[in-house]
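The values are calculated or read from the model by the stated rules, or taken from the named source; none is laboratory data. Everything quoted here is computed from the prediction, not taken from an experiment. We place every Cβ from the backbone using ideal geometry, glycine too, and count neighbours over all the protein chains shown.
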Amino acid sequence: MKFEFTPPIGKITQIKGQCISLIGNDIDTDRIIPARFLKCVNFDSLGESVFEDDRKTLKGQHPFDLEEHKNATILIVNSNFGCGSSREHAPQALMRWGIRAIIGESFADIFYGNCIAIGVPCFTLPKNSIHDLQNLSGNKSLFLEIDLNNSSAKSKELNIDLEIKESSRKMFLSGKWDATSTLLENENLIENKFNELPYLKFNSHF
């Protein structure tokens, strides 16, 4: 199973990839990444531990263990995904496994916000539409092309109108979700503000 990781940066307008489905409501953050993995110094190794306990229980039959899903980048889920504790490790683990976008019936608010902050768009669809996608991705390889410009997804068989908060969509299209890149792009403004603040100026008398 792959755990190579290249973080998203800047503007995100399109996401293409194979789909992987997790069936079940109220999949919480402790299932996504169990609490014992929260002791990590950084997030780098979390991808290999995503759904660790569920995967052990299913003994190699968990969707994240199946060979046909090893290159999946788009996760299809049901309702209230990411509920439970507010650990930011959960979306970090999914992203480091390879997930670049999530489509579901609904998401827990804090999980949703944590996903946006690291560049993983979360889209919603009605229950029946999600079930149709899960059936397609379960029976055969489903490859989707997501376009954030018009909030849509398409495959050979499908054309789907996705739902996403307009504020989130604009953040991805502008790149403003990426706080680090935004800061680096405005280095001169930061330095100017630094020089304007009298309490940060070096005083030779001390």
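Selection of the stretch 136-193 for residues being under 16 Å from ILE118 (Cα atoms), part of a helix (DSSP H, G or I) and modelled with pLDDT of 90 or more yields SER167, SER168, ARG169, LYS170, MET171, PHE172, LEU173, SER174.
Residue check: is ASP26 within 30 Å of ASP161 (Cα to Cα), at pLDDT 95 or above and charged (D, E, K, R)? In short, yes. When the residues of the stretch 58-80 are filtered to those that are of a type in the set (A, V, I, L, M, F, W, C) and more than 12 Å from the chain's Cα centre (by Cα), the one that is surrounded by the most Cβ atoms within 10 Å (Cβ to Cβ) is ALA72.
For the stretch 84-120, taking the residues that are of a type in the set (Val, Ile, Thr) and not in a strand (DSSP E or B), the one that is surrounded by the most Cβ atoms within 10 Å (Cβ to Cβ) is identified as VAL120.
For the stretch 104-118, does any single residue satisfy the condition of being of a type outside the set (Ser, Thr, Tyr) and within 16 Å of ASP161 (Cα to Cα)? Looking through the stretch 104-118, at least one residue is of a type outside the set (Ser, Thr, Tyr) and within 16 Å of ASP161 (Cα to Cα). Could you tell me how many of the residues in the stretch 23-56 are in a loop (DSSP other than H, G, I, E, B), in contact with a Leu (Cβ under 7 Å, 6 or more places away or on another chain) and under 28 Å from GLU145 (Cα atoms)? The qualifying residues number 2.
A residue that is more than 24 Å from GLY84 (Cβ to Cβ), at pLDDT below 95, in contact with a Gly (Cβ under 8 Å, 6 or more places away or on another chain) and assigned to a loop (DSSP other than H, G, I, E, B) can be found somewhere in the stretch 10-19.
In the set GLU105, GLU163, GLU157, which member is closer than 25 Å to GLU68 by Cβ, touching a strand residue (DSSP E or B) at 6+ places or on another chain (Cβ under 9 Å) and touching a residue at least 12 places away in the same chain (Cβ under 8 Å)? Don't jump to the end; show me each part of the working.
Working: GLU163 fails: closer than 25 Å to GLU68 by Cβ; GLU157 fails: touching a strand residue (DSSP E or B) at 6+ places or on another chain (Cβ under 9 Å).
Going through GLU105, GLU163, GLU157 in turn, the sole match is GLU105.
Flag: ILE9 does not match the condition of being of a type in the set (Val, Ile, Thr), touching a residue at least 24 places away in the same chain (Cβ under 8 Å) and surrounded by 21 or more Cβ atoms within 10 Å (Cβ to Cβ).
Going by what's in this entry, would SER85 be described as over 14 Å from ILE20 (Cβ atoms) and modelled with pLDDT under 95? Criteria met by SER85.
Please verify whether the stretch 86-96 includes one or more residues that are over 13 Å from the mean Cα position of the chain (by Cα), touching a residue at least 60 places away in the same chain (Cβ under 8 Å) and under 24 Å from ASP109 (Cα atoms). Looking through the stretch 86-96, none of the residues is over 13 Å from the mean Cα position of the chain (by Cα), touching a residue at least 60 places away in the same chain (Cβ under 8 Å) and under 24 Å from ASP109 (Cα atoms).
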